[in-house]
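The values are calculated or read from the model by the stated rules, or taken from the named source; none is laboratory data. Remember, it's a predicted structure, so these values are computed and weren't measured experimentally. Here the Cβ positions follow ideal geometry from the backbone for every residue, glycine too, while neighbour counts run over all protein chains shown. Accessible surface areas use protein heavy atoms only, side chains included; no ligands, DNA or RNA. Shrake-Rupley method; radii C 1.70, N 1.55, O 1.52, S 1.80 Å.
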Amino acid sequence: MGEQDREILRLAVPAFFALVSEPLMLLADSAIVGHLGTPQLAALGVAGTILQTLVGVCVFLAYGTTSSVARRIGAGDHKGALAQGIDGLWLALLLGVVLALLGLALAPQAIAAFDPSAEVADYAVTYLRISCFGIPSMLLLLAATGVLRGLQDTKTPMVVAITANLANIGLNVLLVYGLHLNIAGSALGTALAQTGAGIALVVVVVRGARRDGAKLRPDRPGILASAQMGVPLIVRTLTLRAAIILLTFVATALGTTSVAAHQVAFTLWSFLALALDAIAIAAQALTGRSLGAGDVAGTRAITRRMMWWGLFSGLIGGLALWGLRDIYVPWFTSDPEVRRTLAAILIVSALWQPVNGVVFVLDGVLIGAGDGRYLALAGVVALVLYVPLALAVLWLGGGIVALWWAFGGYMLLRLLTLTTRERRDAWLVTGATR
């Protein structure tokens, strides 16, 4: 294993465990709330979807900050890197307060859009409103994580994420069952755990800024620059969300068996995506640092190395998905028809995993390079071409397996747009800022 491989693993492995902690937190919430009753569990699903969407759209706070901080680190400007990180924290706080206020005011209307029963709606509004108080901390957590990744530190976010996960379980059990707060206790426990995690990482970043003499007060030009840099990444994220929503919409229209099998298949796809996303996070940090140092040849070399890592990881994930399906499929359902459908979907999903691996890596590379405008454009192009593929499955009477071939086509479209960019030089902009 060469020096490049060791550096990729040093960043990717802790990033993977930090990423895994989030779905584990959601699973723990579901398990605890699920024992309260079906209406509460349904409410958690509705409110959680809204909350995850609000926070998910703001993932640019982590990605954009990683890129800008890493560039300055590569250029040898440690003080400037932390100052850039502080600007990102202020943006996260401001945006978090705005979203929290909107969530508190519009919670009933947002829940009503899902048309739940009256009982489910009441529980969902309660959960969402309490959770809104934690949104500023969630966004601060994203931004601070981005700062530390840019500083080439993924271990600290991992430790904080795992600690927050354990605290979340303890607080949920105490508040839901010990103090009998019902679903409100789950919302409060999760908000408290995430607030603690956000504060912990902000303290780490602030200490680093003070140590290097970086400013802590709000800097309007810096905050505006961070916001402008995030706009293309928001567009990129929205195109991904739209593609996934369309996938679920068509799967639902194909019938109960199809959507049940799809749900399990997509859960497994999402878990494998975490491993690939960990490599993408390493790509963000290493690409930004390398370009900041003006090392174009080094950037090319480590990009190609990470592409091989993505391809290899995708191949291993695909082989596991395919080869072990007879073992794990029965864990998810006892319905023979759903099992057969799921097994067929998983074969298709397994075949596309190597493509997914390279796509995730190149996405991270271009984010690290600050090439957000191209990512936004590429995302729109891939989505526009994917929409007729997915809808054709519905119009022509295709099944759920055909839909997953169409989704693989979407990933292939993303691969083509990203490899086209990678082979050219326009994204290789060097220096402390892009």
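All of 15, 43 fail the test of being at pLDDT 80 or above, assigned by the TED database to the domain that holds residue 214, under 30 Å from residue 182 (Cβ atoms) and open to solvent by less than 10 Å² (accessible area, probe 1.4 Å), apart from 43. On the stretch given as region 280-328, residues that are more than 22 Å from residue 354 (Cβ to Cβ), open to solvent by less than 30 Å² (accessible area, probe 1.4 Å) and in contact (Cβ under 8 Å) with a residue 24 or more places away in the chain total 6. Within the set 304, 300, 340, the sole residue that is among the charged types (D, E, K, R), part of a helix (DSSP H, G or I) and closer than 30 Å to residue 391 by Cβ turns out to be 340. Of all residues in region 108-120, those that are in the same structural domain as residue 46 (by the TED database) and closer than 15 Å to residue 48 by Cα have Cβ atoms under 9 Å from Cβ atoms of residues that are in a loop (DSSP other than H, G, I, E, B) and open to solvent by 60 Å² or more (accessible area, probe 1.4 Å), 6 or more apart or on another chain, in 120/114.
Per this entry, residue 338 is not counted among residues that are hydrophobic (A, V, I, L, M, F, W, C) and farther than 16 Å from residue 265 by Cβ.
Taking the listed residues 387, 361, the one that is open to solvent by 10 Å² or more (accessible area, probe 1.4 Å) and either assigned to a helix (DSSP H, G or I) or not hydroxyl-bearing (Ser, Thr, Tyr) (or both) is 387, with no other qualifying.
Considering (1) farther than 24 Å from residue 171 by Cβ; (2) polar (S, T, N, Q); (3) open to solvent by 20 Å² or more (accessible area, probe 1.4 Å), the lone condition that residue 66 does not fulfil carries the number (3).
The single residue among 230, 222 that is in a helix (DSSP H, G or I), within 21 Å of residue 58 (Cα to Cα) and in contact with an Asp or Glu (Cβ under 6 Å, 6 or more places away or on another chain) turns out to be 222. Could you go through region 347-357 and let me know if any residue there is more than 20 Å from residue 277 (Cα to Cα), out of contact with any strand residue (DSSP E or B) (no Cβ under 6 Å at 6 or more places or on another chain) and either open to solvent by 30 Å² or more (accessible area, probe 1.4 Å) or assigned to a helix (DSSP H, G or I) (or both). Yes, that holds for at least one residue.
Could you tell me whether any residue of region 95-108 is open to solvent by 20 Å² or more (accessible area, probe 1.4 Å) and of a type in the set (Gly, Ala, Ser)? Yes: region 95-108 contains one or more residues that are open to solvent by 20 Å² or more (accessible area, probe 1.4 Å) and of a type in the set (Gly, Ala, Ser). Of the residues making up region 73-89, those that are under 22 Å from residue 220 (Cβ atoms) and either touching a Ser or Thr at 6+ places or on another chain (Cβ under 8 Å) or open to solvent by less than 30 Å² (accessible area, probe 1.4 Å) (or both) are 80, 81, 82, 83, 84, 85, 86, 87, 88, 89.
Where in region 98-200 are the helices (runs of 4 or more DSSP H), entirely inside, with at least 1 residues that are over 24 Å from residue 34 (Cβ atoms)? The qualifying helices (runs of 4 or more DSSP H) are 135-150, 155-173. Given the criteria out of contact with any strand residue (DSSP E or B) (no Cβ under 6 Å at 6 or more places or on another chain), open to solvent by 40 Å² or more (accessible area, probe 1.4 Å) and of a type outside the set (Ser, Thr, Tyr), does residue 250 qualify? For residue 250, the condition - out of contact with any strand residue (DSSP E or B) (no Cβ under 6 Å at 6 or more places or on another chain), open to solvent by 40 Å² or more (accessible area, probe 1.4 Å) and of a type outside the set (Ser, Thr, Tyr) - is not met.
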